Amino acid sequence: MRRLDALTAVYHRLSDCVVVTIMGAVAAELQSLGHRSNFFYLQHAMGLASSVGLGIALTRPEQQVIVLDGDGSVLMNLGGLTTLARYRPANLLHVVFDNESLLSVGGFPTATSTGSDLAGIASAAGVPRTATVRTIEDFVRAFDEARLARTLTTLVAKVDAVGPSGYVTDLSLLENRFQFARWLRGTKER
Ligand SMILES: Cc1ncc(C[n+]2csc(CCOP(=O)(O)OP(=O)(O)O)c2C)c(N)n1
């Protein structure tokens, strides 16, 4: 499964929820499908996308929050999983695109390439729903089931280690930051 195809398959489901991604390839791929004000691409702070998503999910329980993470990022901050599990927000879906590599910085293999199982680690950390999927059909099904379940879920999607040729887009970090904050405030005021 290619991550871009997985993103394409669920893109239209992302219009009414908070979306937080890691930096690099995932952010560029999502933007290539069309940027929206409700998408926040967390630059630089590797491993902390789920923590940002957790903060938003806890303070805005009426919002569905979707975090688009990577295996390298999760491995860099495994404690993030224990904190997610501790607070267990029902409105958070944690998607981990596991390409078994640090693709955005050259493709060095991560521990998932030698057998570490991120869904198993998330489950052992206390995340109540976890799954690993390998096809687009299973990804879409698991994605929809997780949203309906209203239970914190870590969904690991095993994907090919391929991405766009470049990761720089024309959306600056600050522009994204202010636009996203305004969108989030606006949803409260409505
Ligand atoms: C604290 C920190 N260390 C290193 C980097 C450099 N860096 C940016 S993206 C990346 C790889 C991310 O890997 P992964 O989460 O697996 O996503 P992928 O690039 O494979 O999509 C690294 C090491 C960073 N941004 N922040």
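The values are calculated or read from the model by the stated rules, or taken from the named source; none is laboratory data. Everything quoted here is computed from the prediction, not taken from an experiment. Don't worry about glycine lacking a Cβ; one is built from the backbone with ideal geometry, like all the others, and counts go over all protein chains shown. When the accessible area is computed, the model is the full protein with side chains, heavy atoms only, and any ligands, DNA or RNA have been set aside. Shrake-Rupley method; radii C 1.70, N 1.55, O 1.52, S 1.80 Å.
When each of Leu58, Leu81, Leu54, Leu75 is tested for being assigned to a helix (DSSP H, G or I), farther than 22 Å from Ser172 by Cβ and within 11 Å of the ligand (Cβ to nearest atom), the lone residue that passes is Leu75.
Look at the stretch 8-52 and say how many of its residues are in contact (Cβ under 8 Å) with a residue 60 or more places away in the chain and crowded, with 19+ Cβ neighbours inside 10 Å.
The qualifying residues number 13.
Of the residues making up the stretch 112-129, one or more are in contact with a strand residue (DSSP E or B) (Cβ under 7 Å, 6 or more places away or on another chain), closer than 30 Å to Trp183 by Cα and open to solvent by 50 Å² or more (accessible area, probe 1.4 Å). Going by the structure shown, is Leu48 farther than 19 Å from Arg147 by Cα and over 13 Å from the mean Cα position of the chain (by Cα)? It is false that Leu48 is farther than 19 Å from Arg147 by Cα and over 13 Å from the mean Cα position of the chain (by Cα). Considering Arg88, Arg60, the condition of being at positive phi and not small (Gly, Ala, Ser) is satisfied by Arg88 alone.
Scanning the stretch 113-126 turns up one or more residues that are assigned to a loop (DSSP other than H, G, I, E, B), at pLDDT 95 or above and within 13 Å of the ligand (Cβ to nearest atom). Just one of the numbered conditions (1) touching a Gly at 6+ places or on another chain (Cβ under 6 Å); (2) free of Cβ contacts under 8 Å to residues at least 60 places away in the same chain; (3) within 25 Å of Ser165 (Cβ to Cβ) is not true of Asn77: (3). Tell me which of these His44 doesn't satisfy, since it passes every other one: (1) within 14 Å of the ligand (Cβ to nearest atom); (2) closer than 19 Å to Leu155 by Cα; (3) not in a helix (DSSP H, G or I). All conditions are met except number (2). If you go through the stretch 155-177 one residue at a time, do you hit one that is within 19 Å of Tyr87 (Cα to Cα) and not in a loop (DSSP other than H, G, I, E, B)? Within the stretch 155-177, one or more residues are within 19 Å of Tyr87 (Cα to Cα) and not in a loop (DSSP other than H, G, I, E, B).
Residues of the stretch 51-69 that are touching a Ser or Thr at 6+ places or on another chain (Cβ under 8 Å) and more than 16 Å from Trp183 (Cα to Cα): Ser51, Leu54, Val67, Leu68, Asp69. The residues listed here are Thr151, Thr132; of these, the one that is open to solvent by 50 Å² or more (accessible area, probe 1.4 Å) and not in a helix (DSSP H, G or I) is Thr132.
Here Asp144 fulfils each of the conditions (1) open to solvent by 20 Å² or more (accessible area, probe 1.4 Å); (2) out of contact with any helix residue (DSSP H, G or I) (no Cβ under 8 Å at 6 or more places or on another chain) apart from (2). In the stretch 79-106, the qualifying residues are those that are of a type in the set (Gly, Ala, Ser) and open to solvent by 30 Å² or more (accessible area, probe 1.4 Å), and the one that is nearest to Leu148 (Cα to Cα) is Ala90.
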